[in-house]
Amino acid sequence: MNVHEFQAKQLFAQFGIAVPKGKEVKNVGAAEKWAAKLETPVYVVKAQIHAGGRGKAGGVKLTKNRAEVPGLAKEILGKTLVTHQTGPKGRKVRRLLIEEGAAIAKELYVSLLVDRDSGWPVFIASTEGGMEIEEVAAHSPEKLLKELIDPAVGFQGYNGRNLAFGLGLPAIEPATTYFPSGVTYVLCPSPLMMGTLLTRVIDAVSTMSTAPGTTAMATYTRRPSLLIEMLLGWPLSGIFLMTANVVVSATSSVLSASLLM
């Protein structure tokens, strides 16, 4: 399946990934109208073709002057770009992405592919972003990180940590969230389903009955100082949450809690 850059960014945005504000246009008039609405210090005009190397082929233009956007759009639209991925015939530009520029502090490369040897999904990452990844692989293979994902368990927290450490990303202080009940927990980076399970466990414990005959007994302390920290690296079938007072073990079929003396 081939997708254009603007389509990929739309998918990212749907899942909460920050992307520059931009829009696909197919003619000069549409480019001029969108640029008039786009308030940004730098305007980026990018050819949309199914090939890399567009910048070197003249398919990416930047300007700080909004009035220059229509001219740049006219220059690129209809042009045939020849890159290392198009072949000698090149590809004709029929649409553009007009978007806001970004103050680039550092460029990183991350892609998700299917490993041909194992058949598993694999993340490829590098600190050498903004360059042709083929050149990096050929001349500096040690700068490529590979993280295989076991399809049986999916993406795990340690996969993300391996990539983050390999890329030299700085540590991020965990976000503290307060539930309406007054419970405080530290949310560590983890797969979305683990976060969802944590929320459901807390909700279940808060409403769990201690009446005789129930299969699970719990003592739930409603205090702002109650701290729950998710421990990463456990199988999804059994995630253990520890607090100052309560240990909660959550599995797919059993929810039990006991008061620590």
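The values are calculated or read from the model by the stated rules, or taken from the named source; none is laboratory data. A quick note: this is a predicted structure, and the numbers were derived from the prediction, not measured. Quick reminder, even Gly has a Cβ in these numbers, built from the backbone with ideal geometry, and neighbours come from all protein chains shown.
Find all pairs meeting these conditions: Cβ atoms under 6 angstrom apart; at least six residues apart or on different chains; first residue within the stretch 148-166 and closer than 22 Å to Ser126 by Cβ; second residue among the acidic types (Asp, Glu) and at pLDDT 90 or above.
If the second residue must be among the acidic types (Asp, Glu) and at pLDDT 90 or above, the pairs left are Asn159/Glu147; Asn162/Glu147; Leu163/Glu147.
Looking only at residues that are of a type in the set (D, E, K, R) and either in contact (Cβ under 8 Å) with a residue 60 or more places away in the chain or not in a loop (DSSP other than H, G, I, E, B) (or both) in the stretch 55-84, which one is nearest to Ala103 (Cα to Cα)?
Lys61
Given Val19, Val45, Val25, which one is within 27 Å of the chain's Cα centre (by Cα), more than 27 Å from Ile133 (Cα to Cα) and β-branched (Val, Ile, Thr)?
Val25
From (1) within 24 Å of the chain's Cα centre (by Cα); (2) buried (at least 21 other Cβ atoms within 10 Å of the Cβ), pick out the condition that doesn't hold for Gly52.
(2)
Specify which of the listed residues (Gly55, Gly119) is assigned by TED's automatic domain parsing to the domain that holds Asn27, at pLDDT below 95 and of a type in the set (Gly, Ala, Ser).
Values: Gly119 fails: assigned by TED's automatic domain parsing to the domain that holds Asn27.
One residue alone meets the criteria, Gly55.
Could you say whether any residue in the stretch 135-149 is within 16 Å of the chain's Cα centre (by Cα) and at pLDDT below 80?
The answer is no, given that none of the residues of the stretch 135-149 is within 16 Å of the chain's Cα centre (by Cα) and at pLDDT below 80.
For the stretch 1-45, what are the residues that are of a type in the set (Phe, Trp, Tyr) and either assigned to a helix (DSSP H, G or I) or loosely packed, with under 13 Cβ neighbours inside 10 Å (or both)?
Selection gives Phe6, Phe12, Phe15, Trp34.
For the structure I just gave you, tell me whether Ala171 is part of a loop (DSSP other than H, G, I, E, B), closer than 15 Å to Pro121 by Cα, free of Cβ contacts under 8 Å to residues at least 24 places away in the same chain and not hydroxyl-bearing (Ser, Thr, Tyr).
Spelling it out, it is not the case that Ala171 is part of a loop (DSSP other than H, G, I, E, B), closer than 15 Å to Pro121 by Cα, free of Cβ contacts under 8 Å to residues at least 24 places away in the same chain and not hydroxyl-bearing (Ser, Thr, Tyr).
What number of residues within the stretch 85-133 satisfy the criterion of being in contact with an Asp or Glu (Cβ under 7 Å, 6 or more places away or on another chain) and either closer than 17 Å to Leu163 by Cα or part of a loop (DSSP other than H, G, I, E, B) (or both)?
7
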